[in-house]
Every structure is written in structure tokens, then in C-alpha cells.
Amino acid sequence: MAERYGVIGFPVGHSLSPWIHERFFQKAGINGEYQKIAIDPKRFKQKIPQLLAGDISGFNVTVPYKEAIIPFLDKLDDDAAAIGAVNTVAKRDGMWVGYNTDGIGFVRSIVTAFPDVLDKLDKKVLILGAGGAARGIYAAILATGMPVIDIANRTKESAVKLAQMDTRMDRTSILSLQEACDNLDAYDVIIHTTSVGMEPNGDEELLSLEKLRENAIVSDIVYKPLKTKLLKQAERNGARIHQGHLMLLHQARYAFEIWTGLQVDVQGMDVELQAILEGR
Ligand code: ATR
């Protein structure tokens, strides 16, 4: 019988996870199936116990349930507990355990694209945004040991709260978006984590990259469009760019690893994913 996996959310119609995980099953030689499981918010409390009592082996969690799922689980791994959100659920010794693969997936994707990013711990990193997505990424970059990880956000209070994750309390300065704009040349890696610039608002950008340092790396977690206005400007200014679909791929790969113990080879899948996103 096929092993059952899936993604819960509302809506889940456009999720690319089924395509990604079906490819992983093929690559790993596993007889598995992966379904979209749309759960109406009105029925969430009844549906989750049914799902957990059924024959599902593991599942992903997307909007709007990344926090709401937590009370139904037996345990959280350290990352998910620190981030306060779960995107992957797996069964371990009969217990349902919540994980968050977003941050580690992000770090793995950027290291795969630019192996020099982590070769020396001398990079200055700027995170743009302080919402849910920024939380996972900030936690994972803190774990790399990078010495400077500043945060710029429209609302200062959210950035201050996020920076409390740094138990050393000496690696993060909080900037306004204007200050980030004016001091951009201080950073080697700039990571945009907000939804600004996402379709259908592709003409929006959070800030101008005029002061960007040549050869900096600019990453955008938005993958619709694949090349955001921010990334286009970064490229024009001579920066190296890192696109959002790469994080999507690597967070899924890490979830698959949690479920099966297998590290699938994703080489070439970024190009396939790109083609799907471009509707080719
Ligand atoms: P997610 O879970 O996708 O990260 P979120 O938790 O709602 O979503 O966080 C959204 C992030 O995008 C926040 O950093 C938010 O800034 P505020 O903290 O000031 O709200 C940022 N954001 C969203 N729309 C924005 C806009 N139009 N201009 C500037 N920042 C914006």
C-alpha cells in the first residue's frame, strides 16, 4: 500500500508541494502519494483529530494553520518551538511531532546556490521584514553563527520582538526601511521576507537598492513572479540573486528527509519548478 502524505491549508489549490513530493517519491523509489487536503477553518477542530487518527504518515502545514496545528501535536522540535510555527508534521515513536523546515530550507538553498556564503563567518546579513517567514529564516541564520544579522522592518516593534530570538543579544541592530536603504552598502547578504512585490502587486518594492554593494547577494522569498522587481534591480546593480522557488524546493526536501530519512538529489528540479511557475 502507498504511504500517504499531504498538505493541509485553506486554500491549498495552488500548492506546488504535491508536484515536488511526487518527484521525490520517484527519485527515492518510494511508493507514496501526496494530496492537497483543504480544511475549512470552521471545521478545523473536528478535522485534525480525524486526520491524526487516520493512516497518514506525515503532512505539511500551510496558511492559515501553521500556529493553529500546535495544540493538536504531542511535541515540537526545537526549531518549531523557537519559531512558534509548524510547517511539517511527522510521527516519531507513536507521537505526532511538529517541525519547521522553512529556515533551514532557506539556508540550505542559499548555500547550494552560493557555496561561499558560509565558507567564512564574516558576512553581514540584513533581513527585510519581521513577520512569520522572517522568524524561521532569522533563527536558521543565527544558528549558522554569522556575526551580523540586522533586521529592517516597517514596524519597529515587530523587529525588536524578532531580535529577542538572539540569546547572545549582540548580533542584531534594528533599522527603519529608510535607514536600511541608506546603509545598504554595509551588507553582503540581503534577504527580503515580506510579501511586497508578490503578484498581482509585482510593481511594488519594499525599498530601493541603489546603494547596494557590487557582488552582494540579494535573496527574495517571493517566487511569483520568479524574478521580482527587487531582484531585477539587484541584478542591474551587479548583485548575485537568489530566487524564492529555491527555498520552496529545499524546505520540501528537508521535510521529506524528516519523514523518510532520505536526502534526495534535487539537481535539475529548480529548472523544472521554474518552468511550472512560468506556465511553460
Ligand atoms: P508572513 O508570515 O508571510 O511573513 P506576516 O507575518 O503578516 O506574513 O508578515 C508580513 C511582513 O511583511 C511584516 O514584516 C510586514 O511589516 P509590518 O511588521 O510593518 O507589518 C511586512 N509588510 C507587509 N506589507 C508591507 C508593506 N506594504 N510595506 C512594508 N512592509 C510590509
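Could you sort the peptides 45-53, 66-74 by per-residue average Cβ neighbour count (10 Å cutoff), highest mean leading?
Numbers: 45-53: 13.0, 66-74: 16.2.
Descending mean neighbour count gives 66-74, 45-53.
In deg cm²/dmol, rounded to 500, what helix-only [θ] at 222 nm does the chain give when every DSSP H run of at least 4 residues adds -39500 (n - 2.57) and the total is split over its residues?
Working: 10 runs with 101 residues, N = 280.
Roughly -10500 deg cm²/dmol at 222 nm, from the helical runs in the chain.
Over 35 Å apart: what share of the alpha carbon pairs of the chain falls there, rounded to a whole percent?
Numbers: 6581 of 39060 pairs.
The calculated P(r) of the chain puts 17 percent of pairs beyond 35 Å.
Comparing Val63, Val86, Val125, which has the greatest mean-square fluctuation in the GNM of the chain with Cα pairs linked when under 10 Å apart?
Val63
If you count, for each residue, the other Cβ atoms within 10 Å and average over each peptide, how do 157-163, 110-116, 187-193 line up from highest to lowest?
Numbers: 157-163: 16.9, 110-116: 15.3, 187-193: 24.6.
Packing proxy ranking, top to bottom: 187-193, 157-163, 110-116.
Which of Met165, Thr193, Leu175 sits closest to the plus end of the dipole of segment 164-216, meaning its Cα is farthest towards the positive end, when Lys and Arg get +1 and Asp and Glu get -1 on the C-beta?
Final value for the positive-end residue is Met165.
So, in Å, what gap is there between the alpha-carbon centers of segment 173-199 and segment 244-274?
27
If I model a spin label at Met1 and Leu262 as a point 7 Å from the Cα along the Cα→Cβ vector, what separation in nanometres do I get?
Simple spin-label model gives 2.0 nm for this pair.
Work out which helices of the chain, taken as complete DSSP H runs, extend at least 15 Å along their axis over the Cα atoms and score a mean Kyte-Doolittle of -0.5 or more, then list them. Write out the running numbers ahead of the final one.
Working: long enough: 17-28 (16 Å, -0.83); 102-113 (16 Å, 0.98); 132-144 (19 Å, 1.12); 244-260 (24 Å, 0.18).
Those that pass (Cα extent of 15 Å or more, hydropathy at least -0.5) are 102-113, 132-144, 244-260.
Could you work out the per residue convex hull volume over the alpha carbons of segment 1-94, in cubic angstrom? Working shown, then result.
On the way: hull volume 10.4 nm³, N = 94.
Convex hull volume per residue, Cα atoms: 110 Å³.
Over the chain, what is the mean sequence separation of C-alpha contacts under 8 Å (at least six apart), divided by residue count, expressed as relative contact order in percent? Present the calculation step by step, with values, prior to reporting the outcome.
Working: 525 pairs, mean separation 41.7, N = 280.
About 15 percent, as a whole number.
Under 22 Å between alpha carbons, and skipping anything fewer than 8 positions from Lys229 in its own chain: which lysines qualify?
Lys211
The numbers here are math on the coordinates, done by the rules we state, and not lab data. In this text, all values refer to a predicted model and were calculated from it rather than measured experimentally. Note that we place each Cβ from the backbone using ideal geometry, even for glycine, and neighbour counts take in every protein chain shown.
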